[in-house]
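Please treat every number below as a calculation from the coordinates, not as lab data. Just so it is clear, the model here is predicted, and its values are computed rather than measured.
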């Protein structure tokens, strides 16, 4: 009869994940060995939070739950940020935390931490593994993590349970269940069809539900049928190719997009989740039609009608049955794109962040996957890094964590090994994850990390400037990027102009090695660019 750790390793491999990320502890050594015997890798990260972000990104791209692991107490506490990212950005993840054996937990104090209580608010479900019930726990965990909306589950792995015999074996059929969705017919869609028929200027706002349902093609088909412009959330860049005539770009919470949306006479949200939106009151009085795979229980969007079901089938039906629109979308989308570009394209004294993104995009292949940290790198990549396919732009959106992009880039390269991967990060964000450059080198992952070096925390410095405050607590500077990267075995170069940047990217693409490119940035126009994008008066 197999042991608990053998059942866990078999189940994870059958679920579609060939590696575990993390830092090992005493209770998990047997799990690591069971995984090794089944051809699964254990990727030794330098930080448990990065391990969780890496595993979560694998889950986000592939749909199979990523697996991360930590030691008990300090490791479990440190992994919380990465699991919170998976919770708020809807990534399927199974987080395993070592735990003391029950008698030791009951009598000792050292490293005794109630990890189930710690993780309960940031997981869809969590439990302590028990040999007698591990089969059912695994079934529930995998189904819970991958079901819409996806998210993390957490296992405590007590030291006295890991090598016990575990009863009946878990089969693949038990782990994954087939769901037969009811396909809507035309009569059941009378309400949304009537709303679309009455609209002359509909606009579509697409969210993560489009990706969960693998419904990008159907989204585009509906937009073309209606002649409607499409805005996506940053997490959904690529749901419509951003060189499509109806792609307006991203909804980023500024006043500029309100001008576009307010021209519409019907807003159609497609798989849009509250967690993807800026935490501000819904600013529109235009009627809203919500199309979604799961019901919105938060309710900040005052939808006149909600259509909930198989989103792919809903979009497919509407794209056939809806009346052809007035085709106002192409001009509206083009005007909005031009306004955003004008807001960002302000001349400076050196290499500006908008030009960095434009130069990088001109050199990287069309199918490049970009991961992006918060701060200036995200602020400028959203409008200046066009994406042409789903899941090719990855960011920490809802929790908006620093230190995401390098771990995510490693996961992207493992998930899609034939596609180039670039991580855009600020100098502040990179310093939180610098050790993962060593992980990338050890795992032979040819990712390219572009550091936007503006000598500090760019957006926080910008906000100090807006408040008229002196810069305090936001200044970095003084990093020798080349020596830092070389200490980990990575290639590195530092650039300060467009030609040097393009040349460095070209060399890195050919090298097939982990490469760090540090770009000395001109941040002299950050305040003006930020004001323009957010609609703040100059």
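For region 4-175, what does the relative contact order come out to in percent, with C-alpha contacts under 8 Å and a separation of six or more?
Details: 384 pairs, mean separation 44.2, N = 172.
So the answer I get is 26 percent.
Relative contact order for the chain: what is it in percent, counting Cα pairs under 8 Å that are at least 6 residues apart? Present the calculation step by step, with values, prior to reporting the outcome.
Details: 1216 pairs, mean separation 70.5, N = 538.
RCO, the chain: 13 percent.
If you take every DSSP beta bridge fully contained in the chain, what fraction is antiparallel? Give it as a percent rounded to 5. Before the final figure, lay out the partial values.
Numbers: 2 of 66 bridges.
Here the share of antiparallel DSSP bridges comes out near 5 percent.
If contacts are Cα pairs under 8 angstrom and at least 6 residues apart, what is the relative contact order of region 187-336 in percent?
Working: 308 pairs, mean separation 51.1, N = 150.
It rounds to 34 percent for region 187-336.
Apply the a/c threshold of 1.5 to the C-alpha gyration tensor of region 350-534 and tell me whether it is rounded, prolate or oblate.
Details: a/c = 1.58, a/b = 1.39, b/c = 1.13.
It comes out prolate by the Cα gyration axes.
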